[in-house]
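Encoded as structure tokens, the structure appears first; notes follow it.
The values are calculated or read from the model by the stated rules, or taken from the named source; none is laboratory data. Model, not experiment: these values are computed from the prediction. Heads up, the Cβs are rebuilt from the backbone with ideal geometry, glycines too, and the neighbour counts pull from every protein chain shown. For accessibility, only protein heavy atoms count, side chains too; no ligands or nucleic acids. Shrake-Rupley method; radii C 1.70, N 1.55, O 1.52, S 1.80 Å.
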Amino acid sequence: MSSGDVWIIGASMTPFGRFADKDLIDLASDAALGALADAGASMSDIGVLAMGNVYEANSHNGQRLQKQIGQTGIPVYNVVNACATGATAVRVVLMSIAAGECDTGLAVGVEKMGKMGMIGGAAKPREEKKVYEPKGRYGSVLKTEGVLGTGLMPGVFAQAGMEYALAHGVTATQFAKVAQKNHAHSVLNPLAQYRKEFSLEEIVSAEMISYPNTLPMCCPTGDGAAAVVLVSDAKLKTLDPDVRRRAIKISASVLTSDPWTESDQVQPDVNTLTRLAADAAYEKAGIGPDDLDLVELHDCFATAELLHYDNLRLCEPGGAGDFIDSGAPWRDGKIPVNVSGGLLSKGHPLGATGVANLFEVVTHLRGEAGARQVEGARVGLTHVIGLASACAVHILEAAAR
């Protein structure tokens with residue numbers, strides 16, 4: 001290879017929603033074939049395939065996908081890493097290319113969730129009789145869910161938001177403004193699961209799920225898939241001029257897990273690993289937050305997005321409330337955030353989300369986002385976080401024109 005650069009030359013995403021007439025492989029095939037067509041490539045060009053999926057991860061989905069779109073004997077990686085699954089699949093392909101094992105790869109993220117309801121690790125089978133003896137990894141004698149922290153997603157992110165609010169004077173209305181923005185953005189995205197605008201009053205007065213997050217401040221479950229085709233720098237130089245013109249460079253790809261923090265022993269710490277990933281990505285790409293033209297971040301709840309303004313260094317430390325009040329993260333603001341509608345409106349099929357975020361940024365950097373286009377966008381960042389925890393940050397740059 002002439003350099004270590006890796007490029008995205010094809011990107012595709014299915015609409016997000018609920019599709020009773022399509023199974024997991026149908027959705028994955030639609031996205032994969034769309035990305036290949038966008039790249040002007042076929043399965044015969046692909047040297048590695050990574051397939052990201054959470055809820056059917058034991059089903060050899062990468063191999064099943066090959067049976068649908070082309071079996072060529074290449075290495076297949078089936079990837080699961082919570083909500084960072086899709087982004088991790090992209091990293092698997094990127095690392096294979098960077099290692100020189102191949103020059104072209106395909107990463108796919110897909111999920112078939114339907115109307116799954118509340119997600120979390122709290123539910124356990126009911127025992128026939130109660131036995132008050134220490135058991136399990138932590139030697140507890142009673143269920144600790146809701147007593148010593150929580151594993152339910154609404155509770156985790158509500159608690160994280162309230163800790164930030166108490167430390168920095170953030171109000172419930174400021175959290176609600178995040179949802180107001182993302183629902184407004186989704187109206188311009190034809191692939192979003194929901195495309196409905198809400199007033200601030202409607203959001204604040206809606207059903208409370210876990211304070212301060214009301215129902216419109218929580219992402220929906222659903223079905224969907226996204227895919228990208230990656231190539232080495234040397235391979236890109238051999239491709240059609242139009243492919244090279246639309247290629248988007250991956251300037252940084254970083255994956256972190258939880259370091260030890262005192263708070264993480266009881267309640268997941270969604271902040272520290274995001275800060276570490278962001279700092280490493282900025283250093284690797286040789287840019288800073290002020291260089292970003294748009295961001296797609298993990299807004300599973302409105303509280304999460306506001307926290308990540310701070311974690312991704314988009315605002316001054318402690319200044320996330322002022323950041324949303326200023327209008328900076330709106331589509332026409334200083335650093336547009338979640339122009340797609342974010343997870344709150346675009347939807348959150350877990351395995352697909354990390355790749356879908358890349359699709360959105362790629363589309364803007366190519367100048368192909370239509371009515372929602374961020375004008376003049378040249379540099380973008382994507383971020384996902386899955387509890388347990390895993391955080392992926394990618395920085396993308398448009399090719400010089």
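Figures for the structure shown
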item: Of all accessible heavy-atom area on the chain, the percent that carbon and sulfur account for (1.4 Å); result: 52 percent
item: Convex hull (Cα only) mean projected area of region 252-315, reported in nm² to one decimal; result: 4.7 nm²
item: Stokes-Einstein D in µm²/s, Kirkwood radius over Cα pairs - region 194-278 at 20 °C with 1.002 mPa s viscosity; result: 118 µm²/s
item: Estimated distance in nm for a label pair at Ala280 and Arg245, the labels positioned 7 Å out from Cα along Cα-to-Cβ; result: 3.7 nm
item: Hz values of 3J(HN,Hα) by residue in region 93-104 - Karplus curve (6.51, -1.76, 1.60), Gly and Pro given as x; result: 5, 4, 5, 5, 5, 4, 7, x, 6, 7, 10, 9
item: Along principal axes, Cα extents of region 1-105, largest first, whole Å; result: 47, 28, 25
item: Values of log10 I(q)/I(0), in the order q = 0.14 Å⁻¹, for the chain under a Debye, Cα-only, solvent-free model; result: -1.20
item: Stokes-Einstein diffusion coefficient of region 227-335, Kirkwood radius over Cα pairs, 37 °C, 0.692 mPa s, in µm²/s; result: 202 µm²/s
item: Ranked packing of 363-369, 28-34, 205-211, most packed first, by mean Cβ within 10 Å; result: 28-34, 363-369, 205-211
item: Between helix 153-168 and the chain: long-axis angle, C-alpha atoms, 0 to 90°, nearest 10; result: 80 degrees
item: Within region 33-74: backbone nitrogen closer than 19 Å to the Glu368 label point (7 Å, Cα to C-beta); result: 33-43, 45-46
item: Relative pair counts by distance (%), Cα atoms of region 35-85, 10 Å bins; result: 25, 49, 26, 0
item: Sites Lys67 and Asp332, calculated FRET efficiency, Cβ-Cβ separation with R0 41 Å, nearest 0.05; result: 0.35
item: Length added when fully stretched, Asp322-Glu101, from 0.36 nm per residue minus Cα-Cα; result: 74.9 nm
item: Simple label model, 7 Å out from Cα along Cβ direction - Thr238 to Val141, nm; result: 6.9 nm
item: Against the rule of thumb 2.2 N^0.38 Å, how large the Cα Rg of region 331-388 comes out; result: 1.13
item: Two-site label geometry, Met43 and Ala399: point separation in nm, points 7 Å out along Cα→Cβ; result: 2.7 nm
item: Cα-based helix-to-principal-axis angle, 350-365 vs the chain, degrees rounded to 10; result: 50 degrees
item: With 5 Å bins from 0: P(r) over region 175-243, alpha-carbon pairs, percent; result: 3, 14, 18, 15, 10, 8, 7, 8, 7, 6, 3, 0
